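Here the structure comes first, spelled out in structure tokens, and everything after it is commentary.
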Amino acid sequence: MTETQDPAAGTARPSRRALIGWGGAGLALGAAATGGAMALATTGDGRSAPDAVDFHGPHQAGIATAVQDRLHFAAFDVRTDDRAAFVRLLKEWTAAARRMTAGEEVGDGAHGGLPEAPPDDTGEALGLRASRLTLTIGFGPSLFAKFGLADRRPAALVDLPHFPGDNLDAARTGGDLCVQACADDPQVAVHAIRNLARIGFGTVAVRWSQLGFGKTSSTTPDAQTPRNLMGFKDGTRNIAGTETGRLGKFVWVGDGDGPAWMTGGSYLVARRIRMNIETWDRASLQEQEDVFGRDKGEGAPVGKAREHDAPFLKAMKPDAHVRLAHPDSNHGITILRRGYSFTDGTDGLGRLDAGLFFLAYQRDVREGFVPLQRSLSARDALNEYIQHVGSAVFAVPPGVRDADDWWGRTLFAKEA
């Protein structure tokens, strides 16, 4: 059970849902997942919170957790050289995240406080459910040049190389740290990032952010496989949140993999991939299926009848995406994907600025995304229709274990 009392706030406040009553709300469906199990998190007034994901655990929630419907991802720049001030922020963020993921207001809430002072919570999530909100933090390579942390940067946290076809926008690339907010309600996800940014004002500043909808990968393979904006099922062979063996092998950092502070964590690669959907929409169905190596309706690999049938890679075109991305073509390389579609207006030339916000977790970037993307960027037929325009990589520390723990403690605590 999750303890949502904020030690710094004194007496716990009622859940924001308690303001309007429970109204017969039931449990959301979802399989238990290592590091982000579906749980009845307790609110400050002792009642169970429906559709809340436990904030505490050996791994951060939002990685193996059943993928939610909506995303708000934000990368931040650190604006202070005061290590103590930054650590205070991490503790304040943890307290706020603990409350928001349990469906509670931040601090003393959005109303009822001193009229002369700004409220602790911005208020736009009042009356909304927890909506399976998860908040996941990561530290970028540039953070380790600050606060005397250079010798604590993991070797696996590499600066990503320039891949063929990259056209990266500096305004959508990099960041000292990131927070990934996933929820089934977009307002709940936006509320979470907004409040963390507000708490961090003066210490950190948002460098870039991305809204996402329509998950393009699933960690629950028993559910229907989602589709990307090209209309194809995506993530058929993704790691499931219940596959503890594969998670341990490919996602979680193990003992001896690097610095001890990362044990139980993971590494995140975020890529904003623009789709040239107007060009794609004019390609024949046969060409589209040849590009992916699967049929568009069922999602079956070439020559097979069902989506989950084992693919015969040699039956596909040599440059088919599935053939080139498959572990059998990459010495067994496997990553956990939990990306989202995006549509951000137009590019000023009458084309939609739309595509995939790609999120991939792995045990070591050098053995996961980097070699896989080298292969895909060189030969993938899909490259004609996509372009990578934003990029970042982060070390995602282990989970917050209890009410006394905080984000990044293993990195920043003096005894660590």
Discussion item. I'd like the residue in segment 132-147 that is under 20 Å from Ala189 (Cβ atoms) and open to solvent by less than 10 Å² (accessible area, probe 1.4 Å) and, out of all such residues, is nearest to the chain's Cα centre (by Cα).
Written reply: Thr136
Fill in: Total residues in segment 148-158, condition exposed (fewer than 10 other Cβ atoms within 10 Å of the Cβ) and of a type outside the set (Gly, Ala, Ser)
1
Worksheet item: Can we say Ala197 is open to solvent by 10 Å² or more (accessible area, probe 1.4 Å) and either under 24 Å from Arg99 (Cβ atoms) or not hydroxyl-bearing (Ser, Thr, Tyr) (or both)?
Response: yes
Worksheet item: Take the residues of segment 310-343 that are farther than 19 Å from Gly368 by Cβ and under 21 Å from the mean Cα position of the chain (by Cα): which is surrounded by the most Cβ atoms within 10 Å (Cβ to Cβ)?
Response: Tyr340
Discussion item. Can you say whether Gly293 is open to solvent by 10 Å² or more (accessible area, probe 1.4 Å) and without any contact (Cβ under 8 Å) to a residue 40 or more places away in the chain, as far as the supplied structure shows?
Written reply: no
Worksheet entry | Exclusive hit being open to solvent by 20 Å² or more (accessible area, probe 1.4 Å) and on the phi < 0 side of the Ramachandran plot, set Gly248, Gly265, Gly241, Gly212 | Gly248
Worksheet entry | Pairs where the first residue, in segment 56-67, is within 12 Å of Lys215 (Cβ to Cβ) and in a loop (DSSP other than H, G, I, E, B) and the second is open to solvent by 10 Å² or more (accessible area, probe 1.4 Å) and of a type in the set (Val, Ile, Thr), C-beta under 8 Å, 6+ apart | Ala66/Thr220; Val67/Thr220
Worksheet item: Somewhere in segment 350-360, is a residue out of contact with any Asp or Glu (no Cβ under 9 Å at 6 or more places or on another chain), open to solvent by less than 50 Å² (accessible area, probe 1.4 Å) and within 30 Å of Ala85 (Cα to Cα)?
Response: yes
Practice prompt. Only one of these is in a helix (DSSP H, G or I) and more than 20 Å from Ser142 (Cβ to Cβ): Ala354, Ala403, Ala378. Name it.
Written response: Ala378
Worksheet entry | Residue tally, condition closer than 19 Å to Arg409 by Cβ and touching a Phe, Trp or Tyr at 6+ places or on another chain (Cβ under 9 Å), over segment 56-75 | 5
Worksheet item: Among the residues of segment 243-257, is there at least one that is among the hydroxyl-bearing types (Ser, Thr, Tyr) and either under 19 Å from Ala74 (Cβ atoms) or in contact with a Pro (Cβ under 8 Å, 6 or more places away or on another chain) (or both)?
Response: no
Worksheet item: Looking at (1) within 24 Å of the chain's Cα centre (by Cα); (2) without any contact (Cβ under 8 Å) to a residue 40 or more places away in the chain; (3) over 26 Å from Asp257 (Cβ atoms), which is the only condition Asp185 fails?
Response: (2)
Item to complete: Go through the residues of segment 269-288 one by one and say whether even a single one is open to solvent by less than 60 Å² (accessible area, probe 1.4 Å), in contact with a helix residue (DSSP H, G or I) (Cβ under 6 Å, 6 or more places away or on another chain) and not in a helix (DSSP H, G or I).
Response: yes
Worksheet entry | Failed item in (1) closer than 21 Å to Ser142 by Cα; (2) surrounded by fewer than 17 Cβ atoms within 10 Å (Cβ to Cβ), with Phe394 passing the rest | (2)
Practice prompt. Those residues that are farther than 29 Å from Ala96 by Cβ, of a type in the set (Gly, Ala, Ser) and not in a loop (DSSP other than H, G, I, E, B), I need them from segment 151-179; list them, please.
Written response: Ala170
Worksheet entry | Unique residue being β-branched (Val, Ile, Thr), touching a residue at least 60 places away in the same chain (Cβ under 8 Å) and under 20 Å from Ala64 (Cα atoms) when the list is Thr134, Thr203 | Thr134
Item to complete: Scan segment 212-233 for residues that are out of contact with any Phe, Trp or Tyr (no Cβ under 9 Å at 6 or more places or on another chain), at pLDDT 90 or above and within 18 Å of Ile63 (Cβ to Cβ) and jot them down.
Response: Pro226
Worksheet, complete the sentence: Of the listed residues (Ala102, Ala85), the one being modelled with pLDDT of 95 or more, open to solvent by less than 10 Å² (accessible area, probe 1.4 Å), in contact with a Ser or Thr (Cβ under 7 Å, 6 or more places away or on another chain) and aliphatic (A, V, I, L, M) is Ala102
Worksheet item: Has segment 381-388 got at least one residue that is of a type in the set (Phe, Trp, Tyr) and touching a Lys or Arg at 6+ places or on another chain (Cβ under 9 Å)?
Response: no
Worksheet item: What is the one condition in (1) among the β-branched types (Val, Ile, Thr); (2) at pLDDT 95 or above; (3) open to solvent by 60 Å² or more (accessible area, probe 1.4 Å) that Thr346 does not satisfy?
Response: (2)
Worksheet, complete the sentence: Those residues of segment 106-124 that are closer than 15 Å to Val190 by Cβ, surrounded by 16 or more Cβ atoms within 10 Å (Cβ to Cβ) and of a type outside the set (A, V, I, L, M, F, W, C) come to a total of 3
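The values are calculated or read from the model by the stated rules, or taken from the named source; none is laboratory data. All of these numbers come straight from a predicted model, not from anything done at the bench. Every residue, glycine as well, gets a Cβ built from its backbone with ideal geometry; the counts of neighbours run over all protein chains shown. Side chains are part of the model used for accessible areas, which takes the heavy atoms of the whole protein and leaves out ligands, DNA and RNA. Shrake-Rupley method; radii C 1.70, N 1.55, O 1.52, S 1.80 Å.
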